[in-house]
Amino acid sequence: MSAQAGSFEQYVSAYEAKMSEPWGVMFYDILYAQLGNQLDADTQTALVVGSGLGTLDRWLAGRGLQVTGTDVAPAMVAYAQQKADAAGLAINYQVHDVLTGTMEEQFDLIVCHNVLEYVAMPDFAVANLASWLQPGGKLSLVLHNPVNKVLKAAVQGQDPLKALELLDRREFHFEMMNATARNYTLAEAANWLNFCGFDVLEHYGVRTVYDLIPNEPKSDPAWHQNALQMELVLSTRSPYKEMAMFNHLIARKR
């Protein structure tokens, strides 16, 4: 098991608690809406690379897709399988590494969210994703946005010096899971996709201004719904989507 896999293995319970907080709920609510816009009658099979807790896997399976879920950490796979079984969903789970693993079939949709930041060769990983996707199939790729890290430090953190420090810093530490990751720009991600045979169809922002807002109102359900409505509009418009916490690219394999 890789060092990163070991980090994720140890912190499953902490990750579960974190993703149950309002910002985790907002993350998924936005993604459900954005991904829902991309599903059609031709989307029958899906591969989730980096399943984590299996949240998106269960959402896709609940919409009638045949889902294969993968993660590099066996504890994540075991947790996701248990949750799928409890929900009565037939999801095929595998311990799998996006860099070294292989797939015997191709899929209509591949979901790869917050994974490439943690791998040594993200461009090679994208090439693997392309090989596992049907021609004309779609890739949903989510990456941390370094622009938002600067804004969050300055606005919510009120720390101008930290904001300046983050301007040119590529690596960041995911404290909750004690994992090291690397920031990539929107242009870098688009270049990987183009080189590996993809056309970018959509660029969405995920949590455009949400992370700049103080946390106090975020547990209120009514406020959450109003913020979600705002986020879904801002996520499709420039310049707001370019400053979101996460970049979400939808790409089609040529």
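The values are calculated or read from the model by the stated rules, or taken from the named source; none is laboratory data. Keep in mind that what you see is a predicted model, and the values were worked out from it rather than measured. Backbone-built Cβ (ideal geometry, glycine too); neighbour counts: all protein chains shown. SASA here: full protein model, heavy atoms, side chains in, ligands and nucleic acids out. Shrake-Rupley method; radii C 1.70, N 1.55, O 1.52, S 1.80 Å.
Quick one: in the range 9-28, of everything that is charged (D, E, K, R) and closer than 28 Å to L234 by Cβ, which residue is modelled with the highest pLDDT? Even if it seems obvious, please write down each step before you answer.
Taking the range 9-28 as the starting set, the residues that turn out to be charged (D, E, K, R) are 9, 16, 18, 21.
Then keep just the ones that are closer than 28 Å to L234 by Cβ; that gives 18, 21.
On the way: K18: 84, E21: 96.
Going through the qualifying residues, I end up with E21.
Can you go through Y79, Y118 and tell me which one is more than 20 Å from L141 (Cβ to Cβ), open to solvent by 30 Å² or more (accessible area, probe 1.4 Å) and among the aromatic types (F, W, Y)?
Working: Y118 fails: more than 20 Å from L141 (Cβ to Cβ).
Answer to the selection: Y79.
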The number of residues in the range 168-199 that are at pLDDT 95 or above, surrounded by fewer than 19 Cβ atoms within 10 Å (Cβ to Cβ) and over 16 Å from the mean Cα position of the chain (by Cα) is 7
Answer yes if at least one residue in the range 102-116 is part of a helix (DSSP H, G or I) and either aromatic (F, W, Y) or under 28 Å from Y240 (Cα atoms) (or both), and no otherwise.
yes
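Given the criterion over 19 Å from K18 (Cα atoms), charged (D, E, K, R) and not in a helix (DSSP H, G or I), identify the matching residue among D85, D97. Please lay out each step first, then the result.
On the way: D85 fails: not in a helix (DSSP H, G or I).
Going through D85, D97 in turn, the sole match is D97.
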Can you tell me which of D108, D97, D85 is acidic (D, E) and open to solvent by 60 Å² or more (accessible area, probe 1.4 Å)?
D85
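Evaluate the following for E242: is it within 19 Å of the chain's Cα centre (by Cα), acidic (D, E), open to solvent by 40 Å² or more (accessible area, probe 1.4 Å) and within 15 Å of N148 (Cβ to Cβ)? Break it down into steps so the answer makes sense when it comes.
Values: within 19 Å of the chain's Cα centre (by Cα): yes; acidic (D, E): yes; open to solvent by 40 Å² or more (accessible area, probe 1.4 Å): yes; within 15 Å of N148 (Cβ to Cβ): yes.
Spelling it out, E242 is indeed within 19 Å of the chain's Cα centre (by Cα), acidic (D, E), open to solvent by 40 Å² or more (accessible area, probe 1.4 Å) and within 15 Å of N148 (Cβ to Cβ).
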Among the residues in the range 18-28, are any without any contact (Cβ under 8 Å) to a residue 40 or more places away in the chain, of a type in the set (G, A, S) and open to solvent by less than 20 Å² (accessible area, probe 1.4 Å)?
yes
